[in-house]
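Participant: For reference, the structure I am asking about is given below.
All of the numbers you see were taken from the coordinates with simple rules; none came from a lab. Quick caveat, the model's predicted, so the values are computed rather than measured. Here Cβ is always computed from backbone atoms with ideal geometry, including for glycine, and neighbour counts include all displayed protein chains.
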Amino acid sequence: MRVLEAIKAGSKLLKEKNISTHVLDSELLLSKSLKKPREEILINLKENLNEKVLVDFNNYLIRRSKKEPIAYLLGEKEFWSRKFFVNKDTLIPRPETELLVDKLVNIFKKKRMTILDIGTGTGCIIISLLIELKNSTGMAVDISKKAISVTKKNANKFNLSHRIKFMHKSFKELYGKKFDLIVSNPPYIRRSDIKNLSDDIKKFEPKMALDGGNDGLDLIKKIIYKSKKILKINGTLALEIGNEQINKVSKILIDNKFRISCVIKDYRNNVRCVIAKYK
């Protein structure tokens with residue numbers, strides 16, 4: 001079988017399983033099987049494929065047809081124009097989170113910051129910020145030991161390990177140190193809504209990174225309360241939140257002596273991030 005025939009066969013299989021990105025996914029999975037860039041295989045469509053490549057490709061297709069996320073199959077996800085290592089122990093980075101990084105970079109460029117990333121996962125937020133904010137340092141905290149391992153791997157990839165302190169613990173255990181900026185993409189989905197998520201999310205991504213409790217605000221509230229104790233005066237708290245949470249989150253922030261600086265809307269015009277100053 002040749003490259004073009006394999007891509008078509010893979011695309012057909014994935015389309016039958018209602019995978020909307022069936023053509024792209026087939027190309028990417030064949031690229032993974034061949035251990036060659038996608039661009040290279042697309043200019044060599046007549047290349048014959050050996051049996052091992054076809055077996056690997058078929059195994060990837062079966063997993064993808066069961067809705068396993070393409071990012072987990074590839075072992076990477078692009079974020080902030082860079083490829084981050086991901087696996088089943090971490091939430092897959094989303095484009096909406098890039099909007100938060102972009103805003104923070106514009107606010108704090110050229111400043112020297114101490115940054116705390118709560119629930120760091122892949123580390124995509126803290127790493128992207130430190131790539132741009134070259135005079136700053138950070139701390140990456142996650143309750144999952146396996147997630148912190150992924151963070152460290154990505155920090156090493158981008159030569160930032162010397163500027164990040166990694167902590168495998170709950171953020172509630174942090175004492176003493178004060179930060180200029182605390183940022184988090186916490187679990188914010190209501191527990192009762194998790195069953196309504198698409199299969200690729202609810203069956204494969206870590207539940208602890210999704211479950212925000214009965215109202216979706218459990219971790220958000222705790223982060224706000226804790227931030228008062230570990231933010232410097234006039235320090236900044238930046239949170240990613242759910243589609244319809246801005247009013248409730250704003251009230252919690254204001255009740256805890258925060259002043260809202262700005263909100264960020266996603267590509268569907270929903271408020272997805274809030275940035276606030278501690279008075």
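Participant: Would you mind checking the pairs 165/232; 195/277; 134/177; 109/165; 152/177; 172/202 and listing those with alpha carbons more than 24 angstrom apart?
Facilitator: The answer is 195/277; 172/202.
Participant: Check cross-link reach from residue 221 to the aspartates and glutamates: straight Cα distance under 15 Å, and skip same-chain residues fewer than eight apart.
Facilitator: 211, 240, 255
Participant: At R0 = 25 Å, how high is the FRET efficiency between residue 152 and residue 198 if r is their beta carbon distance? Nearest 0.05 is fine.
Facilitator: FRET efficiency, residue 152 to residue 198: 0.25.
Participant: Between residue 40 and residue 15, take the C-beta separation as r, use R0 = 35 Å, and let me know the FRET efficiency to the nearest 0.05.
Facilitator: Rounded to the nearest 0.05, the efficiency is 0.90.
Participant: Ok, one more. Give the span of the stretch 1-147's Cα atoms along each principal axis, as three whole-Å numbers ordered largest to smallest.
Facilitator: 56, 32, 25
Participant: When only Cα pairs under 8 Å and 6 or more residues apart are kept, what is the percent relative contact order across the stretch 105-225?
Facilitator: That works out to 24 percent.
Participant: If we count other beta carbons within 10 Å of each Cβ, what is the order of 74, 133, fewest first?
Facilitator: Exposure proxy ranking, most exposed first: 74, 133.
Participant: Over all pairs of distinct alpha carbons, what does the Kirkwood formula give as the hydrodynamic radius of the stretch 59-115, in Å?
Facilitator: 13.4
Participant: Now, a different point. Report, in deg cm²/dmol and to the nearest 500, the calculated mean residue ellipticity at 222 nm for the chain, where each DSSP H run with n ≥ 4 adds -39500 (n - 2.57) and the sum is divided by the residue count.
Facilitator: When only DSSP H runs of four or more count, the value is -12500 deg cm²/dmol.
Participant: Among 198, 123, 181, pick out the residue whose Cα is farthest towards the positive end of the charge dipole of the stretch 77-278, where Lys and Arg carry +1 and Asp and Glu carry -1 on C-beta, about the Cα centre.
Facilitator: Most positive-ward Cα: 181.
Participant: How much of the DSSP bridge set in the chain is antiparallel, in percent, rounded to the nearest 5?
Facilitator: Taking every DSSP beta bridge within the chain, about 45 percent pair in antiparallel fashion.
Participant: Placing +1 at every Lys and Arg Cβ and -1 at every Asp and Glu Cβ, with all other atoms neutral, what dipole size does the stretch 62-220 have around its Cα centre, in debye to the nearest 20?
Facilitator: Once rounded to the nearest 20, the dipole reads 500 debye.
Participant: For the stretch 3-66, take the convex hull of the Cα atoms, compute a quarter of its surface area, and give me that in nm², please.
Facilitator: 3.6
Participant: Report, to two decimal places, the Cα Rg of the stretch 149-198 normalised by 2.2 N^0.38 Å (N = number of residues).
Facilitator: Taking N as the residue count of the stretch 149-198, the ratio is 1.59.
Participant: Right, here's the next one. Under the definition of Cα pairs under 8 Å and six or more residues apart, what whole-number percent is the relative contact order of the chain?
Facilitator: Relative contact order comes out at 13 percent.
Participant: Strictly greater than 29 Å: what percent of every Cα pair in the stretch 76-224 meets that?
Facilitator: 12
Participant: Can you give the FRET efficiency to the nearest 0.05 for residue 51 and residue 172, using r as the Cβ-Cβ distance and R₀ = 51 Å?
Facilitator: Between residue 51 and residue 172 the formula returns 0.45.
Participant: With a bin width of 5 angstrom, please list the P(r) values of the stretch 110-174 as percents of all Cα-Cα pairs, from the 0 bin to the one holding the largest distance.
Facilitator: Cα pair-distance distribution for the stretch 110-174, in percent: 4, 21, 34, 23, 13, 4, 0.
Participant: What per residue convex hull volume, in Å³, comes out for the chain when only alpha-carbon positions are used?
Facilitator: Per residue, the Cα convex hull of the chain comes to 131 Å³.
Participant: What is the order of 117, 180, 255, fewest Cβ neighbours within 10 Å to most?
Facilitator: Ascending Cβ contact count within 10 Å gives the list 255, 180, 117.
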